[in-house]
Amino acid sequence: MSQIKVAIADDHPLFRAALTQAVQKSVNDAHVLEAENFQELIALVEQHPDIELIFIDLHMPGNDGFTGLTLLQNHFPDIAVIMVSSDDQPEIIRKAINFGASAFIPKSANLTQISTAIDTVLDGDVWLPEHTNISADQHTAAEHQRLAKQLAQLTPQQYTVLANIANGRLNKQIAYDLNIKETTVKKHVSAILLKLEINNRTQAGLVFQQLMITSTENQQVEVEAS
């Protein structure tokens, strides 16, 4: 297989090392780049536009739930994204795939499983942990997939404005942060509402909240960890 460039974003050095080993096992002469947080990852992708594959930790600094996944898909749609996490509950795995991840690798996976996941994704297929029922809730899956398509239709700046709306920022605050005119922000907001098929900023914030890990999912994680 020809050389590819891969970015690994995780705040745990040992797991980054394990992923690097798996990548090098699967891809000859792979060029692996590492980031400890989401901001570093974005900087890497901007510096290396030829990156083809990204590993991103679900709970790494700067990434809130699946916001990092959808941001990467919005800003860099040609890059395949693999989610990794110790939180491998079926609901979370399904959510990751529904929002567009090419694979979900539990941190309990061994080197062979990780290598298999990489090979599967590079072949253009989706990889899931064994015995994961991805179609358990088809209605919710359809809603998440629809939202992912809508978010992909936003321009990168519209996506950034949406994230700011979800964080409670006012138009004038967003304009200041992005160094654009407030009238431009208002135009972005109008376009966001149209593309997401909603009526107001409150609904926009609620839509974005779907990308977060819910309290129920967090409780399931805590139960598993106890």
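The values are calculated or read from the model by the stated rules, or taken from the named source; none is laboratory data. All values reported here derive from a predicted model rather than from experimental measurement. With ideal geometry, Cβ positions are generated from the backbone for all residues, glycine too; neighbour counts draw on all protein chains shown. Accessible surface areas use protein heavy atoms only, side chains included; no ligands, DNA or RNA. Shrake-Rupley method; radii C 1.70, N 1.55, O 1.52, S 1.80 Å.
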All-but-one check, V32 against (1) within 16 Å of the chain's Cα centre (by Cα); (2) more than 30 Å from Q158 (Cβ to Cβ); (3) free of Cβ contacts under 8 Å to residues at least 40 places away in the same chain, failing number (1)
Any chance G62 is under 15 Å from the mean Cα position of the chain (by Cα), farther than 22 Å from L128 by Cβ and among the small types (G, A, S):
yes
Of the residues in the stretch 196-226, how many are in a helix (DSSP H, G or I) and either modelled with pLDDT under 60 or open to solvent by less than 40 Å² (accessible area, probe 1.4 Å) (or both)?
16
Out of I97, I92, which single residue is open to solvent by less than 20 Å² (accessible area, probe 1.4 Å) and either in contact (Cβ under 8 Å) with a residue 24 or more places away in the chain or not aromatic (F, W, Y) (or both)?
I92
Need the failing condition index for L44 against (1) open to solvent by 10 Å² or more (accessible area, probe 1.4 Å); (2) out of contact with any Leu (no Cβ under 6 Å at 6 or more places or on another chain); (3) of a type in the set (A, V, I, L, M), just the number.
(2)
I need every pair where a residue in the stretch 73-87 that is touching a residue at least 40 places away in the same chain (Cβ under 8 Å) has its Cβ under 6 Å from the Cβ of a residue that is of a type in the set (D, E), sequence separation at least 6 or different chains.
V84/D57
Residues that are on the phi > 0 side of the Ramachandran plot and touching a residue at least 60 places away in the same chain (Cβ under 8 Å), drawn from the stretch 133-188
none
Restricting the stretch 157-195 to residues that are open to solvent by less than 80 Å² (accessible area, probe 1.4 Å) and basic (K, R), the one farthest from Q73 (Cα to Cα) turns out to be R169
Quick one: would you say E182 is at pLDDT 95 or above and of a type in the set (D, E)?
yes
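One line per residue, one yes/no per condition, for (1) within 17 Å of S86 (Cα to Cα); (2) open to solvent by 70 Å² or more (accessible area, probe 1.4 Å); (3) among the basic types (K, R); (4) touching a strand residue (DSSP E or B) at 6+ places or on another chain (Cβ under 9 Å):
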site: K5; (1), (2), (3), (4): no, no, yes, yes
site: I8; (1), (2), (3), (4): yes, no, no, yes
site: L14; (1), (2), (3), (4): yes, yes, no, no
site: Q24; (1), (2), (3), (4): no, yes, no, yes
site: A35; (1), (2), (3), (4): no, no, no, yes
site: F38; (1), (2), (3), (4): no, no, no, yes
site: P49; (1), (2), (3), (4): no, yes, no, no
Scan of the stretch 103-135 for residues that are within 18 Å of the chain's Cα centre (by Cα), hydrophobic (A, V, I, L, M, F, W, C) and open to solvent by 20 Å² or more (accessible area, probe 1.4 Å), ordered by number
L122, V126, W127, L128, I134
